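Taking it in order: structure first as structure tokens, then the write-up.
Every number in this text was worked out from the coordinates using simple rules, so none of it is lab data. None of the values given here were measured: they were computed from a predicted structure. Here the Cβ positions follow ideal geometry from the backbone for every residue, glycine too, while neighbour counts run over all protein chains shown.
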Amino acid sequence: MSWRSGSRGVVLTAYHPSGGAGDVPGGVVRCHEAEDRTECRRSGQYTMNHDHSKKIPDGASFDRSGSQDSLDELSMDDYWKELENIHETRGNNHEERVALVVKEPDEGELEEEWLKEAGLSNLFGESSGDSLESMVFLSTLTRTQKAAVEKRVETVTQTMRKKNKQHQIPDVRDIFRLQNDSKGKVCDGSEPSTVRTSENRNETHDGTKGPKFSLGTEEQKSPLEDVPSSDTDINLEISFAEQAANLKDSSVGKMYKGGGGDTLLPNFRLPKDKTGTTKIGDLAPQDMKKVYSLALIELTALYDILGTEFKQQKAVKIKTKDSGLFGVPLSLLLEQDQKRVPGTKIPLIFQKLIAQIEETTLETEGLLRIPGVATRVKGLCQELEAKFYEGTFNWENVKQHDAASLLKLFIRELPQPLLTVQYLKAFQDVQNLPTRKQQLQALNLLVILLPEANRDTLKVLLEFLQRVIDHRDKNKMTLKNVAMVMAPNLFTFHGFGSKTIEQREFVMAAGTANVMRFMIQYQKLLWTIPKFIVNQVRKQTESQKKEKKDKAVKKLLKKMAYDRDKHEKQEKTPNDTDVPQGVIRVQAPHLSKVSMAIQLTEELKAGDIVARFLSQKSGNVHTLKKEEVFLYEIGGNIGERCLDDDTYMKDLYQLNPNAEWVIKAKQS
């Protein structure tokens, strides 16, 4: 793809996927614009000559019907037109733009940064001797996760030896040998964890029986048995990388392989989990920190198994705007917005632009596809910068297509992409994974890895896009159309330098649009934390508590050796006799009924308990709606977890018998 600037506008030259003939080489799409480029685009002055004998550039494949007006072809037209509009907008912006510099890492630097991100920095460097916490963490990893860690530690170790670092450099084998020796029950990375027998599977490190966790490698079955009952079921109980390892060389893996060009997407679904589905936002910050580390390791392990390079890119800090609306870092924008609206998690201008688009109607034909008039959009942008926070901006003057253009402009003008510099390439590379299920699994982990502000903003955007698609009968914007229009706005980031992007644009087009389709279609699944990761968090929490308890008990016994009988009496829990077997005590400090003993039954759900409390008609209960109040699992082997209403309480109690149960409003 190339762009030529002329005295009267911009000339777009782009290879069209359908090929071309005659005097238009290689299926080129050209739009020679006159005074008003917008009118040229609207009137459809494009030359598209089709000759399928022409060679399509390497790396681009399209599932195309024989019809010249097929949906694929028209959708790709949407992509190129949107890209043209983006370049037009940038061409009209005469302000000097500083390109974001992406630093090329030195040898071993990438792996060292990865280990820090994964919370394993004390496996190397000056603090490598104090790695008890890391040993606890490593003891919960699956076979493929351990292999991913070993690979990065080995690279860092070799690099440090080359650089003759003075501090201690552990051998990667010693790290896992130490971890295995200290835990006893955990196998090393060279053997599957399945060597544990059913008799000792539920034992804790001290030999006592504990709740059963599935970390994704226990109870491993044959590849055929690992496949869910339906090929559209997403198995969240077994590590994604373990599933990929089992399916990689099997005939079952080939059964699941699907081309990216198919029009219809599978109806993927999550089978019901009796212990409850965990969504992003349901866990306490200390738990999410563990989830982040595990998700990073799991994603890396998955990419390793599938032979796809996983590289986190790092941006060199550059000077950015410290105030305003467009081109302001997301974190800074939220910081200034929270001074005006405490607790807001989405930029106010972003919320307002979506509201403005929806205020008219979502049935407008070509919504998001038809751009606003470039000169008018530029003027509105400048006026918003001056008047938005003052509250003097007149929204009645904003046409719907202009508001849509401003929304896309906001996304593009972020100093760093909404999908982040760190993970943008990983999002793009999802298209290279072999099966759609693996693509979905990778996207799930990538969404978890996004910073909270980026993730929350992306969620609001995807929900809005789905509402647009819901009106496709009227606005003619199908899932594919919307994906084609939005993909350039999320994936072609100006900061990386336009030359590189343009050269890769044709290859990227269909792939990134398919990734965009996945994010819109499966957004509810993408905000789910896989059960195997939650179980790993439980295992870590349990192990850490045991380590702390063992230290505390040893210290206490030394001080109180003279009065052991007294100490044992103090160890008894005073509430042990308060609650009979099979009954839990639920606290609701903010409701009129502050406490209630609940008998556990096979069919009792979390929503039933909340409804029972809310049925007590007194106090401030009238101010609370059922959808605002949830039952929380607190303590035991988790920090804090908000339960979905369909959680079966008896099953969860068996998983975490030492938890406390509290009803409270969920913070938005």
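Table for the structure above
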| quantity | calculated |
| --- | --- |
| Point-to-point label distance, residue 660-residue 581, nm (Cα→Cβ direction, 7 Å offset) | 2.6 nm |
| Shape call, the range 342-383: gyration tensor on alpha carbons, a/c limit 1.5 | oblate |
| Residue-wise HN-Hα coupling along the range 237-244, computed from phi with Karplus coefficients 6.51, -1.76, 1.60 (Hz; x: Gly, Pro) | 8, 10, 3, 4, 5, 5, 4, 5 |
| Charge dipole magnitude, Cβ of K and R +1, D and E -1 - the range 580-667, Cα centre, debye nearest 20 | 420 debye |
| Three-way shape call for the range 580-667 based on the alpha-carbon gyration tensor, with the a/c threshold at 1.5 | prolate |
| Table column - 3J(HN,Hα) (Hz), the range 446-455, Karplus curve with 6.51, -1.76, 1.60, x for Gly and Pro | 5, 4, 4, 7, 5, x, 4, 5, 5, 5 |
| Cα-projected label distance for residue 308 with residue 387, points at 7 Å along beta-carbon direction, nm | 4.6 nm |
| Restraint check, 116/425; 425/480; 290/593, Cα-Cα greater than 24 Å | 290/593 |
| Stretch gain in nm, segment residue 270-residue 331, where the contour uses 0.36 nm per residue and the Cα spacing is subtracted | 18.7 nm |
| Amide H within-cut-off set for residue 314, under 5 Å, with H built and near neighbours excluded | 103 |
| Whole-Hz ³J(HN,Hα) from phi, Karplus 6.51 cos²θ - 1.76 cosθ + 1.60, for the range 264-276, glycine and proline x | 8, 9, x, 8, 4, 8, 9, x, 5, 10, 5, 8, x |
